[in-house]
1. Taking the alpha-carbon set of segment 120-225, what are its Rg and Dmax in Å?
2. Answer rounded, prolate or oblate for segment 278-321, using the Cα gyration tensor with square roots of eigenvalues a ≥ b ≥ c: rounded when a/c is under 1.5, else prolate when a/b is larger than b/c, else oblate.
3. Could you please rank ASP305, ASP369, placing first whichever residue has the fewest other Cβ atoms within 10 Å of its Cβ?
4. Nearest-5 percent of antiparallel DSSP beta bridges in segment 3-90?
5. Based on other C-beta atoms within 10 Å, arrange TRP344, TRP185 from fewest to most.
6. Compute, for segment 1-106, the length of the dipole vector about the Cα centre, with Cβ point charges of +1 (Lys, Arg) and -1 (Asp, Glu) only. Units Debye, rounded to 20.
7. Taking neighbour Cβ counts within 10 Å as the exposure measure, how do ILE265, ILE30 sort from fewest upward?
8. Among GLY93, MET77, ILE31, whose Cα projects farthest towards the positive end of the dipole of segment 1-101, with charges put on the beta-carbon of Lys, Arg (+1) and Asp, Glu (-1)?
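Values quoted throughout were computed directly from the atomic coordinates according to the rules given, and no laboratory measurement underlies them. Note that the structure is a prediction, hence the values are computed from the model and not measured. Reconstructed Cβ throughout: ideal geometry from the backbone, glycine too, with neighbour counts over all protein chains shown.
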Amino acid sequence: MRTQVAIIGAGPSGLLLGQLLHKAGIDAVIIERQSPEYVLGRIRAGVLEQVATDLLDEAGVGQRMHAEGLVHTGFDMLFNGERHRIDLEKLTGGKKVMVYGQTEVTRDLMDARQAAGLPTVYDAANVQVYDFETLSPRVTYEKDGQSHTLACDFIAGCDGFHGVCRASAPRSAIKEFEKVYPFGWLGLLSDTPPVHHELIYVNHPRGFALCSQRSATRSRYYLQVPLTDKIEQWSDEAFWQELKLRLDPEAAGKLETGPSIEKSIAPLRSFVTEPLRFGRMFLAGDAGHIVPPTGAKGLNLAATDVKYLMDAFVEFYQEQSEAGIDGYSERCLKRIWRAERFSWWFTSIMHTFDSEGAINGKLQQAELDYLMHSEAGLKTIAENYVGLPLDFGA
Ligand code: RFL
Ligand code: PHB
């Protein structure tokens, strides 16, 4: 089998790249190690920036998102028992975000791919990438006990943090920057109305909390928990009780509880790989970088990597120019480090850090209080949250 671009991973990065390449008349095959049901079962991101929604429109899959997604013009920050609204629209000259689950984005992209009859190999075992330092890369995998080889011009590593592509890059050519946080997020999804019509980010002495949502009848909540906590320790009852303790009396009084549909603990890390290109293999999305979810940036960064990669492939095939593929890594990394900085900073002011002593909490309160009373401070939060423009600093 042969294709132009072999895409490893059918998460949002791989599926979006596949769809955009299809629109541009470039062939691609997607190889995914899990089943479609497994991919759809992962509950992750909820907030999309305009850059991401524009790309989904460009890929021709934005219809359901515009019909069912919730446009949010602001969010609340709760600290020291008081809620403060960040008016995104006012502070950024009219920008907003879209609350639409990653599961739904993935489903829309899967449906479009299937409707267009484009090839995706699910349940592929032992996926390996070869010869990407030459002009003839290859991907091998096993499916139903048979071995297969896919020859291609390029390999797009869209296979997430634990994927095979980054792991196959020569160790001497790669630099990794990592910070692992001393806590995780315990997430709970439930068919209950959201506690508030917008998101609430909570700084509380007991730990961070986040009230998010997927629709008018489905809520997503998170609690900062020690890394040593196990999911079995957290009954639904215990989760709701702890969440109430971290909310202000008004929100705690309004909170509607119910059985969880999904509950999981995710570790938090900041991670960047440099470079993102190894010959004819490129990393995009979580394969190349991870941000802590506090800034809601992971999926949005994945979408911009994909846009830059798609532009580079189009330039290569339509204009016979390698400028785009040569510049891919540097172009992406600039945006990635900006989002890394914001996500790290927002995480650091909103979570409790036990090892840093009581002074840390006091300094956080002072910083949050300053931010809420400074137009510049509020703008800093807002312009980063909605996503910096693609040409920022250019
Ligand atoms: P994914 O989604 O991990 O998909 C990678 C795919 O590759 C497959 N794979 C392989 N396939 C073949 N061969 C192999 N050897 C393979 N190894 C892996 C995997 O099975 C998988 O299907 O990466 P992708 O596509 O780059 O997408 C990235 C996003 O999933 C991620 O950045 C976001 O979910 C991060 N994130 C958020 N991002 C936002 O923009 N806004 C948010 O509100 C937001 N909230 C979150 C989040 C991530 C969270 N967790 C779980 C860390 C909230 C949470 C709790
Ligand atoms: C979510 O709804 O899953 C979500 C929202 C905002 C974040 C992180 C996760 O910052």
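1. 21.2, 56
2. Values: a/c = 5.82, a/b = 2.21, b/c = 2.63.
Because a/c hits 1.5 or more and a/b fails to exceed b/c, segment 278-321 counts as oblate.
3. Numbers: ASP305 29, ASP369 15.
Taking fewest neighbouring Cβ atoms as first place, the list is ASP369, ASP305.
4. Values: 5 of 9 bridges.
Here the antiparallel bridges make up roughly 55 percent for segment 3-90.
5. Details: TRP344 16, TRP185 23.
Ordered from fewest to most neighbouring Cβ atoms within 10 Å, TRP344, TRP185 come out as TRP344, TRP185.
6. Working: 11 positive and 13 negative charges, 31 e Å.
In debye, rounded to 20, segment 1-106 gives about 140.
7. Starting with the residue having the fewest Cβ neighbours, the order is ILE265, ILE30.
8. ILE31
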